[in-house]
Structures are given as C-alpha cells and as structure tokens.
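Asker: Following this message is one structure expressed as structure tokens.
The values are calculated or read from the model by the stated rules, or taken from the named source; none is laboratory data. In this text the structure is predicted, and so the values were computed from the model without any measurement. Cβ placement follows ideal geometry from the backbone for every residue including glycine, while neighbour counts extend to all protein chains displayed. We work out accessible area using only protein heavy atoms, side chains counted, and drop any ligands, DNA or RNA first. Shrake-Rupley method; radii C 1.70, N 1.55, O 1.52, S 1.80 Å.
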Amino acid sequence: MISYIKKQRLRKFSYSIVLLAFIIFPLSIMGYKLYVLDYPLASLIPVVSYQVELSMTVDGHGNGINMRAYLPQSDSRQIILEEENSSGIFNLLLQLEGLNKIATWHAQGVQGQHSVRYGYSVQTNHVQYVIPPDILVPESSPQGLDPYLRHEEGIQVDDPLIAEKLQKLFPDKVPALLEALTTIHRDLQDNFENKDFSGYTDALTALKLGEASCNGKSRLFAALARKLNIPTRLVGGIILEPGTKRVSHQWVELYVNGHWIPFDTINDHFAEIPANYLTLYIGDQVLFKHTANVNYNYFFKMIKRLVPRREAQVFLQDSALNVTNLYGLFERVGISQNLLKIILMIPFGALITVIFRNVIGLQTFGTFLPALIAVASRETGLFWGVIGFILIIGLSLLVRMALEWMQLLHSPKMGVMLTTVVIVMMSITVIGVNLELFDLAHVTLFPIAILAITTERFAIIEAEQGLWKATQMMFVTLIVVTACYVVMDSHFLQSMALAFPETLFIVIALNLWIGKWIGIRVSEFMRFHKLLFNRTKEQV
C-alpha cells in the first residue's frame, strides 16, 4: 500500500515537472528573443499578403482576338511582387499609358475555348489622412492638374443641376475645405442609396435617381468637388477578400495639400483607404476590353496568406534563432509559409476539439475531424465548407445504405465508400464551377479518407442509436468545426505561431492539463444541475 502511494506521488510530481517544463521552455525562448537578442516584436509579426490571380476565358471562332486589362503597380501604399503570366496561344504586351499599366493579350486564328491567367502577390497598407480644419477651398490649382477639374462625358461639371445641388448643400457660402468635403461625403453616403449595379452610371443619372453603385457615386462626387475647384480623379480596383469574385470597385481621390486623398461613399471611408483595397487603374476607365462578339468571361481568385516582413529578414539574417531563415529552409523543398501556417494551426484546432469533448462534454464524429474540416475550409470559406461537408456525408450515406443492403464485407464496402466520396467531391466541384460558386468548388481539398470513415461512423450510430442521435452528433460536429475555424483563422494567432513556433509547446501543456481533467463537464452540469443544487441544500 505504501509503495503504491509513493508511485502515485512520484507520478504526480513527474507530471507537474513535465507540465511546468512545457510552459517555462517556450516562454523562456520568447523572452530570450525579445529581451536578450532584442528582437523587434512588431517586425516579427508577419504581414498580410494576397496571392491574386486574374483568369480570363474566351471562345474563338477562327478569328483574331484581343483582350486588355489594367494591372496594379507598386506605389507608396501597395507592393506588387511575383508577377506571373500563363497565356497559352496568346502573346502578352505590357505597356504604360499615363499613370496606368496595361496588359494586352493577342492571338490570331483562335479556335475553341482558351484561358489566360495572370497572377501576382500583393502587400497593401491602410492609409488615413487628417485634413486640417482651417484649409480653405482652393481658388486655383497647381499647374498640371487642369484635367482633374474639367467637364467630362460622365462627370458633368458644367451642368446646371450640379450647381443647383451645391447650392442646396451650401445655401449661404462654401465653408472651409474639411467641412465642405464632410458635407458632400455624408450626403452621398447617407442620402443616396447604394445599388449593386454593374452598368455605367454618370454623375447626373446618380443625382436624378438618388441612388447609384460605386461608379455612379464616384462620378457624382467628382463632379461636385470639381465644381468647387478641387482636383478630383476616379480610381478603380478590387477589394481583396479570400475567394473568387467578378466585382470590381471604384472610389475617388481629391488633391489636397499636395496629396491625393481617397474617399469612398459606398463603404463610408472618409480620407482613408483600407488595407484590402487594391488600386488597378487611375481615371474613368473600363477595367476590361476585348474583341466584340466573343464569349468572354473573367474572375479574380484571391488567397490570403502571411509572409515575413522585409525588415525582420534583414534584422535577423545573422541570428541563430532567425525564424525567417527556418521558413526559408522549408520553402527550399517546396513548402510555402502559407502551408506552414496551416500546419502550425492544426494543433490549435485540435486543442479546441479536445476542450469541446473533454471539458464541455460534446460528442463529435472523430477525435480531430472538426479541426481537419476547418483546415480544409480555408479555401471554401466556412459557409461553403459546411455546405460541402453536409452534401458529401449525406450523399455518401445513401450509397452506404445501399451497400449495407447488399451485405458486403467491411473492407470492400469501405473501398466503395472511399470512391463514392471522391465522385461526390468531384461532382460538387463541377457543379460549383458551372454555377460560378468557386468557393464551393474547393471541396476537393477535404480529407477524403476521413470523410469516408465519418460516413461509416454516422451510419453505425444511426443503426445502433437512431437517426436523431446521429443527426445530433452531426450538428455538434459542425458547431465544433465552426469554433475550430474561427480560432484557426485568427490573424493574431497565426502571426504569433509563425513568429514564435515554440508556442506549440504551450499547446502540449494545455493538452496535458486537460488530460488530468477530473471536474464535472459542462454538459453534465447542465443535465444534473438541479440534482447537484438539491444535494447541496440537503447537506447544509
């Protein structure tokens, strides 16, 4: 008996030492980096980057075809890197026209469908300007800005309705510049309804209708500002978001105190431009042009990722603990930092699953299936990831029921199930592409074998405990998938894991601590709380 007690004490002591070691060790490394090696913490946190791919398809009938598009350029706010072109039979011509970079693809005798892809990496910054309240509306403009004050086809500066609108906004006199711009911005933002309209809307049409999309509001803003003698230009681009889109965006820039200051009355950005705005062209331009009478289509695909800051790479290049050099070793064998980010996030997703199962007391399909589905949903997004998961499990379950009726042996049955999952995933991808639901099309990234096993598990629970219990577990699994996705998609957590990969030891420590959990689970407390409280009262 004494020997058993000594063993238990030794085991408990050893457990405590190991637990403390997995906490102290990573914290010590982090402290050494920050305080001894004087690592710049802000520079260690990776910066957000987007991998953007423009895809264009065209159907030819034996004639020559031209396709033209504006491409982004690096400036003080955005950096364009890693430009790549894949154009097949088309020849690419890049040229600068004014302030813009234009790409033209040309081919003769085009027959059938062909695709063109142009990709690049983007790093952008959020910029906000402060306009001094004492600056007056300019009476004249610097030399060279006359084009940004003129009447244009879609920006009818000289029309009487524009002057009448300004008279209503400023019945007494035009105030200082800041107040004037605030009044115009708020009127367009609050009193003009946003319309999701992809066609061309000029300034007067937007004014008469009292509603417009981004291009109509931008032209009206430009007309009003130019009438006040404020140089204004239109800017076009896209809003960077993970996934695929065909929608571009337009805003305006006003020349104030030597700076072009952005305004967006669709998304209420006053004298600022968010970090996810990518400028593609300057001026009242058309983003795409192509040969007439051809079946032309395009879309942007965007992947959000984290990359090392350049200043960190320079500062840490000679350090033995340089994490950016470590990631460079992985990239040499084809493992990108984006893939490393995903790998580093899996233990955090697994920890969330452990908390739901062992602390909260919820049952899920598979121990770590929610974390893996959450990882796979990085390309589809959470909504389409959940939809794809339900479709795959549901359709595969029908096949599994048919196989059960045939009374097949387990291994051949699982082989059929695995093939069924592949067929369903490929079918969903084809349907997603045809319906232009490109996020749904990425369900092919889901873990195939685990989905087949999950379907089998669902069927077993349905047979043994009923359809309600199996459906309940499916619902709980989706809840845990959502929680894993939210945690693993955290920019802060991703940045910390990339900058300090030793935090994985803290994840191990938390799993060790939960592994000794002897308290009542949350679900058990919810079920038996009345009994527990009654027992407490009786004891009192």
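Asker: Any residue that is in contact (Cβ under 8 Å) with a residue 40 or more places away in the chain, within 21 Å of Phe288 (Cβ to Cβ) and more than 26 Å from the chain's Cα centre (by Cα) - is there at least one of those in the range 75-97?
Answerer: Checked the range 75-97: no residue is in contact (Cβ under 8 Å) with a residue 40 or more places away in the chain, within 21 Å of Phe288 (Cβ to Cβ) and more than 26 Å from the chain's Cα centre (by Cα).
Asker: How many residues does the range 187-232 hold that are open to solvent by 30 Å² or more (accessible area, probe 1.4 Å) and either under 30 Å from Arg117 (Cβ atoms) or touching an Asp or Glu at 6+ places or on another chain (Cβ under 6 Å) (or both)?
Answerer: Qualifying residue count for the region: 8.
Let's see how each residue does on (1) within 26 Å of Lys165 (Cβ to Cβ); (2) touching a Lys or Arg at 6+ places or on another chain (Cβ under 9 Å); (3) basic (Lys, Arg):
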position	(1), (2), (3)
Asp202	yes, yes, no
Ala225	yes, no, no
Gly236	yes, no, no
Gln250	yes, yes, no
Leu254	yes, yes, no
Ile273	yes, yes, no
Arg305	no, yes, yes
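Asker: Also, quick follow-up: Of all residues in the range 56-80 being assigned to a strand (DSSP E or B) and in contact with a Gly (Cβ under 8 Å, 6 or more places away or on another chain), which is most open to solvent (accessible area, probe 1.4 Å)?
Answerer: Top of the filtered list is Asn63.
Asker: Next up: Applying the selection to the range 147-161, what residues are assigned to a loop (DSSP other than H, G, I, E, B), touching a helix residue (DSSP H, G or I) at 6+ places or on another chain (Cβ under 7 Å) and open to solvent by 30 Å² or more (accessible area, probe 1.4 Å)?
Answerer: Leu149, Asp159 - these are the residues of the range 147-161 that are assigned to a loop (DSSP other than H, G, I, E, B), touching a helix residue (DSSP H, G or I) at 6+ places or on another chain (Cβ under 7 Å) and open to solvent by 30 Å² or more (accessible area, probe 1.4 Å).
Asker: Let me ask something else. When Pro370 is evaluated against the numbered criteria (1) in a loop (DSSP other than H, G, I, E, B); (2) within 23 Å of Met425 (Cβ to Cβ), which criterion, by number, is the only one it fails?
Answerer: (1)
Asker: Quickly run through the range 124-139 and pick out the residues that are touching a Leu at 6+ places or on another chain (Cβ under 7 Å) and within 24 Å of Leu81 (Cβ to Cβ).
Answerer: The answer is Thr124, and nothing else.
Asker: Ok, one more. Please specify each residue of the range 87-102 satisfying the condition of being among the hydrophobic types (A, V, I, L, M, F, W, C) and within 14 Å of Ile65 (Cα to Cα).
Answerer: Result: Ile89, Phe90, Leu92, Leu93.
Asker: Take Glu164 and decide whether it is under 40 Å from the mean Cα position of the chain (by Cα), at pLDDT 90 or above, among the acidic types (Asp, Glu) and outside any loop (DSSP other than H, G, I, E, B).
Answerer: no
Asker: Among the residues of the range 452-490, count how many are at pLDDT below 80 and in contact with a Phe, Trp or Tyr (Cβ under 8 Å, 6 or more places away or on another chain).
Answerer: Counting residues in the range 452-490 that are at pLDDT below 80 and in contact with a Phe, Trp or Tyr (Cβ under 8 Å, 6 or more places away or on another chain) gives 3.
Asker: Which of the residues spanning the range 199-214 are within 20 Å of Arg233 (Cα to Cα) and not in a helix (DSSP H, G or I)?
Answerer: Across the range 199-214, the qualifying residues are Gly199, Tyr200, Thr201, Asp202, Ala212, Ser213.
Asker: Next up: I'm trying to understand the selection: among the residues of the range 498-522, which are open to solvent by less than 40 Å² (accessible area, probe 1.4 Å) and at pLDDT below 80?
Answerer: Leu498, Ala499, Phe500, Gly519
Asker: What are the pairs with Cβ atoms under 7 angstrom where one residue, in the range 414-437, is under 12 Å from Leu403 (Cβ atoms) and the other, located anywhere, is buried (at least 17 other Cβ atoms within 10 Å of the Cβ) and of a type in the set (Ser, Thr, Tyr)? Sequence gap at least six, or different chains.
Answerer: The qualifying pairs are Met417/Ser396; Met417/Thr455; Thr420/Ser396.
Asker: Anything in the range 283-309 that is β-branched (Val, Ile, Thr), under 17 Å from Ile79 (Cβ atoms) and either modelled with pLDDT of 90 or more or open to solvent by 30 Å² or more (accessible area, probe 1.4 Å) (or both)? List them, or say none.
Answerer: Ile303
Asker: Separate question: Using the structure shown, decide if Leu178 is in contact (Cβ under 8 Å) with a residue 12 or more places away in the chain and open to solvent by 30 Å² or more (accessible area, probe 1.4 Å).
Answerer: For Leu178, the condition - in contact (Cβ under 8 Å) with a residue 12 or more places away in the chain and open to solvent by 30 Å² or more (accessible area, probe 1.4 Å) - is met.
Asker: For the range 87-99, how many residues are open to solvent by less than 70 Å² (accessible area, probe 1.4 Å) and at pLDDT 90 or above?
Answerer: 2
Asker: I'd like the full set of residues that are among the polar types (S, T, N, Q), open to solvent by 40 Å² or more (accessible area, probe 1.4 Å) and assigned to a helix (DSSP H, G or I), limited to the range 396-415.
Answerer: Matches in the range 396-415: Ser411 only.
Asker: Now a separate question. Out of Glu53, Glu83, which single residue is in a strand (DSSP E or B), surrounded by 16 or more Cβ atoms within 10 Å (Cβ to Cβ) and at pLDDT 90 or above?
Answerer: So the residue among Glu53, Glu83 that is in a strand (DSSP E or B), surrounded by 16 or more Cβ atoms within 10 Å (Cβ to Cβ) and at pLDDT 90 or above is Glu53.
Asker: Shifting gears a bit: Does the range 126-146 include one or more residues that are modelled with pLDDT under 90, surrounded by fewer than 15 Cβ atoms within 10 Å (Cβ to Cβ) and assigned to a helix (DSSP H, G or I)?
Answerer: Yes, the range 126-146 contains at least one residue that is modelled with pLDDT under 90, surrounded by fewer than 15 Cβ atoms within 10 Å (Cβ to Cβ) and assigned to a helix (DSSP H, G or I).
Asker: Moving on. On the basis of being surrounded by 12 or more Cβ atoms within 10 Å (Cβ to Cβ), at pLDDT below 70 and either at positive phi or part of a helix (DSSP H, G or I) (or both), does Ser495 make the cut?
Answerer: no
Asker: Among (1) surrounded by 17 or more Cβ atoms within 10 Å (Cβ to Cβ); (2) touching a Phe, Trp or Tyr at 6+ places or on another chain (Cβ under 9 Å); (3) at negative phi, there is one condition Ala271 misses while meeting the rest; what is its number?
Answerer: With respect to (1) surrounded by 17 or more Cβ atoms within 10 Å (Cβ to Cβ); (2) touching a Phe, Trp or Tyr at 6+ places or on another chain (Cβ under 9 Å); (3) at negative phi, Ala271 is out only on (3).
Asker: Of all residues in the range 233-254 being assigned to a strand (DSSP E or B) and of a type in the set (A, V, I, L, M, F, W, C), which is most open to solvent (accessible area, probe 1.4 Å)?
Answerer: Among them, the one singled out is Ile239.
Asker: Still on this structure: For Ser427, are the conditions met, namely being at pLDDT 80 or above, open to solvent by 30 Å² or more (accessible area, probe 1.4 Å), assigned to a helix (DSSP H, G or I) and of a type in the set (Ser, Thr, Tyr)?
Answerer: Judged against the criteria, Ser427 is a match.
Asker: Which of (1) among the β-branched types (Val, Ile, Thr); (2) open to solvent by less than 80 Å² (accessible area, probe 1.4 Å); (3) closer than 25 Å to Thr482 by Cβ does Thr419 not meet, given it meets every other one?
Answerer: Single failed check for Thr419: (3).
Asker: Of the residues Ile23, Ile17, Ile29, only one is assigned to a helix (DSSP H, G or I), at pLDDT below 85 and β-branched (Val, Ile, Thr); which?
Answerer: Step by step, each of Ile23, Ile17, Ile29 is checked, and only Ile29 is assigned to a helix (DSSP H, G or I), at pLDDT below 85 and β-branched (Val, Ile, Thr).
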